[in-house]
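Beneath this line is the structure, given in structure tokens, with notes to follow.
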Amino acid sequence: MVEVTIPGNYGYVIAVSLGVIPVLSFIHGNLVGTFRKPAGVPYPHTYATVEQCKSNPKAYQFNCAQRAHANFLENAPQTMLSILIAGLKYPQIAAGLGAAWAFFRLLFMFGYVYSDKPQGRGRYNGAFFWFAQAGLWGLSVFGVAKDFM
């Protein structure tokens, strides 16, 4: 039998994982939505074509916003879960790494969408999110999961 004890300051973990990160997802979605009409990309199309991007800078910006959002959605669920799991043993570190992850994801998004660097290279402004994500994975697997084995 495994006993799970929720630490007293687990509220910070919940606030980051189930509060900050979903709000960031909402921001991503709204940003994509603001570029859709100026880009001339009707629903249900996900991205502007290469030809649209060549003739309309807003189409390229829409694609960058869409890709930043998709990359966020690819990484958010596992990060949220890692924060919740790591927070069982290391609530302050998990909440701090989760907040850092969200901050760098915001830099990633703004760099991708608003930078004048070619091929979306402005996203590298926020690439440090990978270090926060790796730290959360490590804490989840080696710090907490080993206690359940």
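Descriptive notes on the structure:
- The order of the peptides 102-109, 39-46, 135-142 by mean Cβ neighbours within 10 Å, most packed first, is 102-109, 135-142, 39-46.
- Packing rank of 78-84, 15-21, where each peptide gets the mean count of other beta carbons within 10 Å, highest leading: 78-84, 15-21
- Counting protein heavy atoms only, the stretch 1-137 has 67 percent of its accessible area on carbon and sulfur, 1.4 angstrom probe.
- Rel. contact order, % - alpha carbon contacts under 8 angstrom, at least six apart, the chain: 26
- Rounded accessible area per residue of the chain, 1.4 Å, Å²: 56
- Value of [θ]222 nm, deg cm²/dmol, for the chain, DSSP H segments ≥ 4, -39500 (n - 2.57) each, nearest 500: -21000 deg cm²/dmol
- Between the Cα long axis of helix 91-114 and the first principal axis of the chain there is an angle of about 10°, rounded to the nearest 10.
- Degrees, to the nearest 10: 21-39 long Cα axis against longest axis of the chain: 10
- Only protein heavy atoms count here; under a 1.4 Å probe, ILE93 has an accessible surface of about 90 Å².
The values are calculated or read from the model by the stated rules, or taken from the named source; none is laboratory data. Values in this document were obtained by computation on a predicted structure and should not be read as measured data. Neighbour counts are summed over all protein chains in view; Cβ atoms, including those assigned to glycine, are modelled from backbone coordinates with ideal geometry. To get the accessible areas, we keep the full protein, side chains included, count just its heavy atoms, and leave off ligands, DNA and RNA. Shrake-Rupley method; radii C 1.70, N 1.55, O 1.52, S 1.80 Å.
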